[in-house]
Every structure is written in C-alpha cells, then in structure tokens.
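Visitor: One structure follows; several queries about it will come next.
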Amino acid sequence: MDKTRVELGERSYEILIDSDCLHLLGERLLRFSVGKKIALVTNPTVSELYSQRIISSLTKEGFESYLILIPEGEIYKDYFWAYHILTKLLEFGFDRKSCLIALGGGVIGDITGFVASLFMRGINYVQVPTTLLAQVDSSVGGKTAVNHPLGKNMIGTFWQPSLVWIDVATLESLPDREFLSGMAEVIKYGIIWDREFFEFLEKNRNKILNRDREVLIKIIKRSCEIKSEVVSKDERESFLRAILNYGHSIGHALETLTNYSAYLHGEAISIGMVYEAKLAQILGFLDKEDFERIKRILKDFGLPIHMPAIFDKAEVIKHVLLDKKNIQGKIRMVIPESVGKMKINLEISEEDLRRAIDE
Ligand code: NAD
Ligand code: GLY
C-alpha cells in the first residue's frame, strides 16, 4: 500500500492508499488498541455499495459491528443527526474503547469525526473516504463539523482520526460531476504548493479523467502528502493552514448566495480560485502566463471558471467580508504569487476585490 503520515506527536496517524482494499480494514484495526465494538457510519447509497465488505472484514477479525445510517445530503450534516448517532452509540452500549468508521464523502466524514470527538469526551475513529474530495482533503487534518441554520460548519472541533484508509476503487462508482469537483481541490494543491505536481496534472489529464487507478493513487498520495505537511506544521490554522483556503473566500460566498444548491463545493472553489488569481494579477504578484495556466487547467478539467452575471457583485463582496480568515473587519486572503507559491493572509482592500470581480 502507498502510505503517508500526518505528524502530530502522539496524535500522528497514517494515510493508507490502495485499490480494492476495503476487505482488509478489519485486519488493520487489530493493530490499534480499540475495543470489540465498532460502528460504521454511512448513508444508504454508499452503504449499498461498500458496507458489506467492511462489515465482513470486521466480523472476520472478531469485531462486533453496528451500522448507523444518515440520510444522504449536506442538509443532514447537522446537530440533530449528530445527536441521533450519539443516541445509537449509547443504545448499543459503546464505551471509551469503542471506535467509529466514517464511510462516505465529506458529509459523513465531518459528522462522524464530530461525534467521535464528543462521545465520552472523545473516542477513536477511522476515515474511509469514498469521494475524491474526501480522499484528498476532508478526511485528512481533523477538522470536524456540523452545520447550523445560521452558518455552514459553524459547530465543530479539531479531532484527528486514528487512520485514513483510502480505496481508489470506490471512485469508480462516483458520478462524474462529483469526481470533477474533487479535482478542483487536487489542482489547488498544485497551485498552492507544488508546480511540478501542477504540470503533472496538466500532462495527465486524459488518464485522470479516465480514472486510471495508478495515476489516481499518485495524485491522491501527493495531495495527501501536501495536506499532511501543512497540517503537521499548523494544525489549528494559526497561519500556514490558511493556504488550504485558496479560492474559498470567493467560493464560499458563491455557495452561500446560491443556498448550496447551484454548485458542488469544488465547482465554487474553481471559480473562486480564478477570481482570487485575477486579484493577485491586479496586485502585481502573479504574471499573466501563470494566471492563464490556472484558468486553462480548471477549464480543461470541466470546471466552471466564470462567475455568472446573475450574481450581485456587492453581495459577493459582503459575504467575503464575513470570511473566517478576516481580522477586525479587514479582508485577508491567500493569493498566488506564481503556480506553486502563495502569499498568505494578505490584507486586501474592498476596491481591489471589486476590480477583480468586475473584470
Ligand atoms: P458528499 O459527502 O455530500 O458526497 C457527495 C455525494 O457522493 C453524496 O451524494 C454521496 O452519497 C455520494 N457518494 C459518496 N461516495 C460515493 C461513491 N464512491 N460512489 C457513488 N456515490 C458516492 O460530498 P463531498 O464533496 O465528499 O464532501 C463535501 C463535504 O465535505 C461538505 O460538507 C464540506 O463542508 C466538507 N469538507 C470538509 C473538509 C474538512 O477539512 N473537514 C474539507 C472540505 C470539505
Ligand atoms: N479544508 C481546509 C482545511 O482542512 O484546513
């Protein structure tokens, strides 16, 4: 198996990547000091496809497995469903040694991690991400959350998993649009950290779009390595981790303004990355050639790069002003200096932001 490690002292953990490896998870868990009871948290779609392989492997190794289903969709990543999982764990007689497995995309990963951090003041959990976005981003780094009607991801904790177990074969059942949405985050890693990786993505577009397993393992591994390095240096986002939010200041504004119904996360981030790169160009940090390359690669991977005219630009700016990275009402952003190098937490004027959005 390919592996990489998130170095966080006693909270360090491995990210293992392979294809067709779900049936080996039970054996791997024998290495951890976990009790017999394990709950698999997932949704009906993913459960139908992949639960049985994991349950059989747990049973084979002598674990008692329990299945907890959450309805499908972002709207169920909320306090009510977190409470539902907690209730189930109490009914099943779970204790401090019991363990959770999050099987699914970022929605399942975030709510399961959140519950794991709360149950009996914190228990072990394993991430088994099945979307590209979850495999390269949300399953790594320990940000857990549920949504509140007044804001997305507003209630959450930092709680690291004990293991991230990635089976690239699960991506074969993923709808194209979801796959491409995950690619936006993969491309983001090239822009924020690794120019060579960006070039690899440019050159291997067809293999990636054909979901060639070998190439997928390579790009997922590199993405996880970059995220691990960033998280290991700055777990709580005091400075460097903000780099992972490139494209998110404008992207989140577009998601919120469309009530999370028009764009998948990666699609909104793709548009955000283009406009934040435009801003970098206006400010004189990014040259035209790299700006055009950023736009081109996103377009070539079938991602949106324009903010449609239906958006009220003043509303977009208003939402960017609410971003968590801002300090004392001043807009802070991470913007590219070149492909592979970023300026972190740069103070941006409303005027420059308006120019970038207007162009
Ligand atoms: P998702 O979890 O909603 O999954 C997308 C869809 O794909 C769902 O309908 C799901 O049922 C389906 N699906 C999952 N795996 C499948 C498979 N292998 N085959 C077929 N269908 C499959 O979406 P997502 O993009 O994975 O995650 C988005 C969530 O992640 C958001 O809630 C976001 O806030 C969160 N997130 C968290 C972090 C973090 O650091 N914690 C980072 C980025 C995003
Ligand atoms: N997805 C951003 C982060 O984990 O910090």
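The values are calculated or read from the model by the stated rules, or taken from the named source; none is laboratory data. The structure displayed is predicted, hence computed values, not measured ones. Glycine also receives a Cβ, built like all others from the backbone with ideal geometry; neighbour counts cover every protein chain displayed. Only protein heavy atoms, including side chains, enter the accessible area calculation; ligands, DNA and RNA are left aside. Shrake-Rupley method; radii C 1.70, N 1.55, O 1.52, S 1.80 Å.
Visitor: Among Phe32, Thr4, Ile226, which residue has its Cα furthest toward the positive end of the charge dipole of the chain, with +1 on Lys/Arg Cβ and -1 on Asp/Glu Cβ?
Guide: Phe32
Visitor: So what is Rg over Rh here for the stretch 150-190, counting just Cα atoms and using Kirkwood for Rh?
Guide: 1.07
Visitor: Taking θ as phi - 60°, what are the ³J(HN,Hα) couplings along the stretch 116-131 by the Karplus curve (6.51, -1.76, 1.60), each to the nearest whole Hz, with x for Gly and Pro?
Guide: For the stretch 116-131, the Karplus-derived couplings read 4, 6, 9, 5, 6, 6, x, 10, 6, 8, 10, 9, 10, x, 10, 10 Hz, x marking Gly and Pro.
Visitor: Semi-axes, largest first, in whole Å: what does sqrt of 5 times each Cα gyration tensor eigenvalue give for the chain?
Guide: Square roots of five times the eigenvalues give 35, 22, 18 Å.
Visitor: How long is the gain from Phe32 to Asp358 if the chain were fully straight, where each residue apart is worth 0.36 nm and the alpha carbon distance is subtracted?
Guide: 112.0 nm
Visitor: Return the distance in nm (one decimal) between the two label points of a simple spin-label model at Asp300 and Arg11, each offset 7 Å from Cα along Cα→Cβ.
Guide: My value for the distance between the label points is 3.8 nm.
Visitor: Further question on the same structure: Using just the helices of the chain, give the 222 nm mean residue ellipticity in deg cm²/dmol: DSSP H runs with n ≥ 4 each add -39,500 (n - 2.57), and the total is spread over all residues, rounded to 500.
Guide: -13000 deg cm²/dmol
Visitor: May I ask you to give the percent of accessible area on the stretch 90-183 that is carbon plus sulfur, with a probe radius of 1.4 Å?
Guide: About 56 percent, which is the carbon plus sulfur part of the accessible surface.
Visitor: Do me a favour and compute the ellipsoid semi-axes for the stretch 32-103 from its Cα gyration tensor, root of five times each eigenvalue, largest one first, whole Å.
Guide: Each semi-axis is the square root of five times an eigenvalue, giving 21, 16, 8 Å.
Visitor: Expressed in nm to one decimal, what extension gain is obtained for the pair Asp234 and Glu347 from 0.36 nm per residue of sequence separation less their Cα-Cα distance?
Guide: In short, 38.6 nm is gained.
Visitor: Roughly what angle does helix 176-193 make with the longest principal axis of the chain, taking Cα atoms, 0 to 90 degrees, to the nearest 10?
Guide: Approximately 70 degrees, to the nearest 10.
Visitor: How many angstrom lie between the C-alpha centres of the stretch 165-197 and the stretch 35-78?
Guide: Value for the Cα centre distance between the two parts: 24 Å.
Visitor: Measuring from label point to label point, each 7 Å out along Cα→Cβ, what is the Glu91 to Asp287 span in nm?
Guide: Each label point is offset 7 Å from its Cα along the Cβ direction, giving 6.3 nm.
Visitor: Average the reciprocal distances over every distinct pair of alpha-carbons in the stretch 113-215, invert the result, and give the Kirkwood radius in Å.
Guide: Over the stretch 113-215, the inverse of the mean reciprocal pair distance is 15.3 Å.
Visitor: Still on this structure, I have one more. Let me know the longest stretch in the chain that avoids all trypsin sites (Lys or Arg not before Pro) found in a DSSP loop with at most 10 other C-beta atoms within 10 Å.
Guide: That would be 32-235.
Visitor: With θ set to phi - 60°, apply the Karplus curve 6.51 cos²θ - 1.76 cosθ + 1.60 along the stretch 253-270 and write out the HN-Hα couplings as whole Hz, x wherever there is a Gly or Pro.
Guide: 4, 5, 5, 5, 5, 9, 6, 6, 10, 8, 10, 6, 3, x, 5, 5, 5, 4
Visitor: Here's a follow-up. Determine the dipole magnitude for the chain: charges of +1 sit on the beta-carbon of Lys and Arg, -1 on that of Asp and Glu, nothing else is charged, the reference point is the Cα centre, and the result goes in debye to the nearest 20.
Guide: Dipole size: approximately 620 debye.
Visitor: Oh, and also: Divide, for the stretch 20-174, the radius of gyration over alpha carbons by 2.2 N^0.38 Å, where N is the residue count.
Guide: For the stretch 20-174, the normalised Cα radius of gyration comes out at 0.94.
Visitor: Would you give the gap between the C-alpha center of the stretch 315-351 and the C-alpha center of the stretch 229-276, rounded to a whole Å?
Guide: What the calculation gives is 11 Å, centre to centre.
Visitor: Please list, by residue number, every one of the chymotrypsin sites (Phe, Trp or Tyr not before Pro) in the stretch 191-290 that is coil in DSSP and has at most 14 other beta-carbon atoms within 10 Å.
Guide: Phe239
Visitor: Under a no-solvent Debye model with one identical scatterer per Cα of the stretch 230-359, what's log10 I(q)/I(0) at q = 0.17, 0.19 Å⁻¹?
Guide: The calculated log intensity ratios at q = 0.17, 0.19 Å⁻¹ are -0.87, -1.10.
Visitor: Sticking with this structure for a sec: Per residue, how much accessible area does the chain show when a 1.4 Å probe rolls over the protein heavy atoms, in square angstrom?
Guide: Value returned for the chain: 43 Å² of accessible area per residue.
Visitor: Could you work out the equivalent-ellipsoid semi-axes for the stretch 160-234, taking the square root of 5 times each eigenvalue of the Cα gyration tensor, largest first, in whole Å?
Guide: Its equivalent ellipsoid spans semi-axes of 20, 17, 10 Å.
Visitor: If R0 is 30 Å, what FRET efficiency do you get for Tyr79 and Arg205 from their C-beta distance, rounded to 0.05?
Guide: 0.15
Visitor: Okay, moving on. Return the long-range amide H neighbours of Asp78 (sequence gap of 5 or more, or a different chain), with a cut-off of under 5 Å between placed amide H atoms.
Guide: Here Asn147 satisfy the definition.
Visitor: Mind listing the phi-derived Karplus ³J(HN,Hα) values for the stretch 284-297, rounded to whole Hz, using 6.51, -1.76 and 1.60 with θ = phi - 60°, and x for any glycine or proline?
Guide: Per-residue couplings from phi come out as x, 8, 10, 7, 4, 4, 5, 4, 5, 5, 4, 4, 5, 5 Hz.
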